[in-house]
Amino acid sequence: MKNYEVMLAINPQLEDKEVTSLLEKIKKTISKEKGEVTSVNKWGTRKLSHEIKKFTEANYIVIKFSVDETSIFELERVFKLEEKIIRYLLTVQQKNIPTKKKKK
């Protein structure tokens, strides 16, 4: 399994209940694919650098999770089909690579 991070830009006009149900749907999808959510970080509403789908603001949420890489296609399909998600960015998290110590 690999570690991933997805940043979601969500419709800012949604109520808290709708955002919570969207998060639960995403968590269930990850669990169904035998993955594990490690953290959810809600950034709140922020101004977009440019207009996306007629929105100038978005509610940002960052989810870190681990899942088998073959399951990413299903997760991306869910992100693309969900109308509440304005945009998403999915990245693979690199393991900490030790740096070489400088010789004196």
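Counting only protein chains, not ligands or nucleic acids, how are Ser71, Ser21, Ser49 ordered by accessible area (probe 1.4 Å), most first?
Working: Ser71 10, Ser21 60, Ser49 115 Å².
Heavy-atom accessible area, descending, gives Ser49, Ser21, Ser71.
Using only the C-alpha atoms, the convex hull of the chain corresponds to 132 Å³ per residue.
With a/c under 1.5 counting as rounded, go ahead and sort the range 42-83 into rounded, prolate or oblate using the C-alpha gyration tensor (a ≥ b ≥ c being the square roots of the eigenvalues; past the cut-off, prolate if a/b is larger than b/c, else oblate). The shape class here is oblate.
Per-residue Karplus couplings for the range 46-60, computed as 6.51 cos²θ - 1.76 cosθ + 1.60 with θ equal to phi - 60°, are listed in order as 9, 6, 7, 6, 8, 5, 10, 6, 6, 10, 10, 10, 8, 8, 9 Hz, Gly and Pro entered as x.
Given a 1.4 Å probe and every protein chain left where it sits, what share in percent of the accessible area of the range 1-41 is carbon and sulfur?
On the way: 1130 of 2600 Å².
Of the solvent-accessible surface of the range 1-41, carbon and sulfur hold 43 percent.
At most 15 other Cβ atoms within 10 Å and a DSSP loop assignment: could you name the trypsin sites (Lys or Arg not before Pro) in the range 42-86 that fit? The partial results should precede the final answer.
Details: sites: Lys42, Arg46, Lys47, Lys53, Lys54, Lys64, Arg77, Lys80, Lys84; in loops: Lys53, Lys54, Lys84.
The qualifying sites are Lys53, Lys54, Lys84.
For the chain, the solvent-accessible area of protein heavy atoms averages 76 Å² per residue (probe radius 1.4 Å; ligands and nucleic acids excluded).
Angle of helix 72-81 to the longest C-alpha principal axis of the chain, folded into 0 to 90 degrees and rounded to 10: 20°.
Express in nm, to one decimal, how much length is gained between Leu81 and Lys17 on full extension, taking 0.36 nm for each residue of separation and deducting their alpha carbon distance.
Numbers: separation 64, 0.36 × 64 = 23.04 nm, distance 1.95 nm.
The span from Leu81 to Lys17 would gain 21.1 nm if fully extended.
Please give me the summed charge of the neighbours of Leu75: other residues whose Cβ is under 14 Å from its Cβ, Lys and Arg +1, Asp and Glu -1.
+1
The GluC sites (Glu not before Pro) of the range 1-45 that DSSP puts in a loop, and whose beta carbon has at most 11 other beta carbons within 10 Å, are Glu15. Count Lys and Arg as plus one, Asp and Glu as minus one, and take only other residues whose Cβ is under 15 Å from that of Ser39; the net charge is then +1. Compute the angle between helix 16-32 and the longest alpha-carbon principal axis of the chain, please, reported from 0 to 90 degrees and rounded to the nearest 10. Long axis of 16-32 versus the principal axis of the chain: about 50 degrees. Count Lys and Arg as plus one, Asp and Glu as minus one, and take only other residues whose Cβ is under 12 Å from that of Leu48; the net charge is then +3.
The values are calculated or read from the model by the stated rules, or taken from the named source; none is laboratory data. Worth saying up front: this structure is predicted, and the values here are computed from it rather than measured. Please note: Cβ atoms are built from the backbone with ideal geometry, for glycine as well, and neighbour counts cover all protein chains shown. We work out accessible area using only protein heavy atoms, side chains counted, and drop any ligands, DNA or RNA first. Shrake-Rupley method; radii C 1.70, N 1.55, O 1.52, S 1.80 Å.
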